[in-house]
Amino acid sequence: KFSAKEIFMYIVDASDNGDPTVDAIYHYNENTKKLEQGLVLDTVNYKKGTCHVYSTVKVSNGTLKVTYMGQMLATGYIKWVYEYNYKNGKFVLKNNTAKIFRKWHKGNFVANKNITFYKKAGTTKKAFTIKQGTSVKLQKIKTVKNTYYLQFKYGKKTGWIKAGKTNIFKDVVLVG
C-alpha cells in the first residue's frame, strides 16, 4: 500500500519444482473492475543468464524493495535488492545496479579458463583479462536490456561479464 488509492497485490504462483510461474505486482482498476499487471518481478529468463529466480517484496517510505535470489549460470545463487518508485501509474526502477549481499559460493571465484571482463555492462570495451586459475571477487549485478551482468574485482580493477556464461569458474554449483 502506497496510499489510499495506490493499493497493490503481490501474486506468486509456483510450479511443481517451486519456480514461480507468476511473480508480479497487480493493481485493481476501479474503472474496468479488473486486475491489471503493474510490475513483473523477473523479466529476465534463463536464456539471458539466470534461472530459478525468487523474490520477496516490502514497501517502505513509498519505495517498493524487491529482494531477488537468482541462480546465475556463471556463479550459482546470489541475492540482491532492486528498489522501485511508483510514479504516474508505473513502477520505475531507481537504479539498475545493485550490490550482491549474499553468495552461496565460498570466497572468490577461480577461473576455469581465460576470461575477458568489460569496462561497462553490455559493452565490448575490454577492462582486463584473467588467466585460468586466477581468482576474482563478485561485487555487483546490473540489468541492461533484460540481460543480467555481473561485476568482478581483480586487484584494483573491476569489470563486467554476462551472467549467462557457463563453466567459466570452478566449483559453481547449479541446481534444478
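The values are calculated or read from the model by the stated rules, or taken from the named source; none is laboratory data. Values in this document were obtained by computation on a predicted structure and should not be read as measured data. Here the Cβ is made from the backbone with ideal geometry for all residues, glycine too, and neighbour counts use every protein chain on show. We work out accessible area using only protein heavy atoms, side chains counted, and drop any ligands, DNA or RNA first. Shrake-Rupley method; radii C 1.70, N 1.55, O 1.52, S 1.80 Å.
Filtering the stretch 157-176 to residues that are touching a Lys or Arg at 6+ places or on another chain (Cβ under 9 Å), open to solvent by 90 Å² or more (accessible area, probe 1.4 Å) and in contact (Cβ under 8 Å) with a residue 60 or more places away in the chain leaves LYS162, ASP171.
When TYR154 is evaluated against the numbered criteria (1) open to solvent by less than 50 Å² (accessible area, probe 1.4 Å); (2) hydroxyl-bearing (Ser, Thr, Tyr); (3) over 25 Å from ASP42 (Cα atoms), which criterion, by number, is the only one it fails? Checking TYR154 against (1) open to solvent by less than 50 Å² (accessible area, probe 1.4 Å); (2) hydroxyl-bearing (Ser, Thr, Tyr); (3) over 25 Å from ASP42 (Cα atoms), the one that fails is (1).
When the residues of the stretch 107-128 are narrowed to those that are open to solvent by less than 80 Å² (accessible area, probe 1.4 Å) and of a type in the set (Ser, Thr, Tyr), which ends up farthest from THR166 (Cα to Cα)?
In the first step, residues of the stretch 107-128 are kept if they are open to solvent by less than 80 Å² (accessible area, probe 1.4 Å); the result is 107-112, 115-118, 121-123, 127-128.
Applying the additional criterion that residues be of a type in the set (Ser, Thr, Tyr) yields 116, 118, 123.
Numbers: THR116: 14, TYR118: 17, THR123: 19 Å.
That would be THR123.
Without any contact (Cβ under 8 Å) to a residue 60 or more places away in the chain and under 21 Å from GLY70 (Cβ atoms), is that true of VAL136? Judged against the criteria, VAL136 is a match. At least 1 residues being within 23 Å of LEU93 (Cα to Cα) and among the β-branched types (Val, Ile, Thr) is the threshold, and among the strands (runs of 3 or more DSSP E) wholly inside the stretch 116-171 those reaching it are 135-144, 147-154, 157-162.
Hand me the list of strands (runs of 3 or more DSSP E) wholly inside the stretch 47-96 holding 2 or more residues that are open to solvent by less than 50 Å² (accessible area, probe 1.4 Å) and not polar (S, T, N, Q).
50-60, 63-72, 76-87
Say whether the condition of being at pLDDT below 75 and either assigned to a strand (DSSP E or B) or buried (at least 17 other Cβ atoms within 10 Å of the Cβ) (or both) is met by at least one residue in the stretch 25-41. So far as the stretch 25-41 goes, no, none of its residues is at pLDDT below 75 and either assigned to a strand (DSSP E or B) or buried (at least 17 other Cβ atoms within 10 Å of the Cβ) (or both).
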